[in-house]
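**Q** Encoded as structure tokens, here's the structure I'll be asking about.
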Amino acid sequence: NITPGKKVELALTEYHVNFNWRPHDPRQATNVGSTWMASVIYHMLINDMDIAQSWHSRSGGTFGMMSKSLEVRPTGQLLYMLNRHMNGQRVQSRSDNPWVEVLGFVTKEGKQGMFIINKSDTAQSLNMQLLHAKLPASDPFEGNATCHRIGPKGYSIAEHWLSPTPHVELLPYEVQLILAR
């Protein structure tokens with residue numbers, strides 16, 4: 001029976017990137033795979049998915065978030081980064097670039113953040129407007145935000161100078177999580 005007004009929980013019980021349905025596509029263990037996974041997570045979030053399980057954790061081939069020797073791959077770095085920093089509530093956000101997906105959020109601690117995904121094989125520039133944002137002060141020597149990046153150069157964390165109208169440069173197939181301090 002269907003009960004009107006009752007929330008139906010939605011679960012995706014297995015997902016992972018496989019570009020051509022042949023095993024061991026090498027892109028799965030690179031930033032291209034983590035960009036794909038970031039886009040999947042983005043779409044699950046904006047569509048209120050309740051449960052999602054990635055397949056699988058560890059593999060000797062190119063599948064998995066870790067290699068057989070426990071080397072953390074970009075998809076594993078992505079899930080760690082999101083679980084650690086992107087908690088709380090989504091805020092209204094949008095991108096007018098079909099290759100760039102943006103999700104704004106406010107953490108449980110009240111920090112503001114942006115999850116930005118470049119799905120293109122070319123660099124992208126993004127001019128943003130942060131409406132109603134209460135950003136911490138910054139100076140020329142110390143930024144007011146932290147930028148986590150997963151892209152062709154690997155995983156990195158750097159200081160970031162966030163303003164109400166930030167300009168963001170994204171490398172090809174790059175994911176950024178910018179979190180105000």
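What follows is calculated from the coordinates using simple rules that are stated; it is not laboratory data. Please read all numbers here as calculations on a predicted model, not as lab measurements. Please note: Cβ atoms are built from the backbone with ideal geometry, for glycine as well, and neighbour counts cover all protein chains shown.
**Q** Would you kindly state the longest site-free stretch of the chain, with sites defined as chymotrypsin sites (Phe, Trp or Tyr not before Pro) in a DSSP loop (not H, G, I, E, B) surrounded by at most 10 other Cβ atoms within 10 Å? Provide the component values of the computation, followed by the final result.
**A** Values: sites that count: 21, 141.
Counting only loop sites that pass the neighbour cut-off, the longest clear stretch is 22-140.
**Q** Net charge around residue 113, counting only other residues with Cβ within less than 12 Å of its Cβ (Lys, Arg = +1; Asp, Glu = -1)?
**A** +4
**Q** To continue, here is another question. Taking the alpha-carbon distance from residue 153 and a cut-off under 19 Å, which aspartates and glutamates remain once sequence neighbours fewer than 8 residues away in the same chain are dropped?
**A** Once the sequence-local aspartates and glutamates are set aside, what remains near residue 153 is 71, 121, 169, 174.
**Q** Size of the dipole of the chain about the Cα centre, Lys and Arg at +1 and Asp and Glu at -1 on the beta carbon, nothing else charged, in debye to 20?
**A** The calculated dipole for the chain is roughly 340 debye.
**Q** What lysines could a cross-link reach from residue 108, if we take a straight Cα to Cα line under 22 Å and drop same-chain neighbours fewer than 8 places away?
**A** 134
**Q** Report relative contact order for segment 11-85 in percent, whole number only (criteria: Cα-Cα under 8 Å, sequence separation at least 6).
**A** Details: 94 pairs, mean separation 25.3, N = 75.
Computed value for segment 11-85: 34 percent relative contact order.
**Q** Sum -39500 (n - 2.57) across every DSSP H segment of at least 4 residues in the chain, then divide by the residue count to get the 222 nm mean residue ellipticity, nearest 500. The partial results should precede the final answer.
**A** On the way: 2 runs with 28 residues, N = 181.
Taking each H run of at least 4 residues, the total per residue is -5000 deg cm²/dmol.
**Q** Which whole-number percent is the relative contact order of segment 1-139 (Cα, under 8 Å, 6+ apart)?
**A** Details: 177 pairs, mean separation 24.4, N = 139.
Computed value for segment 1-139: 18 percent relative contact order.
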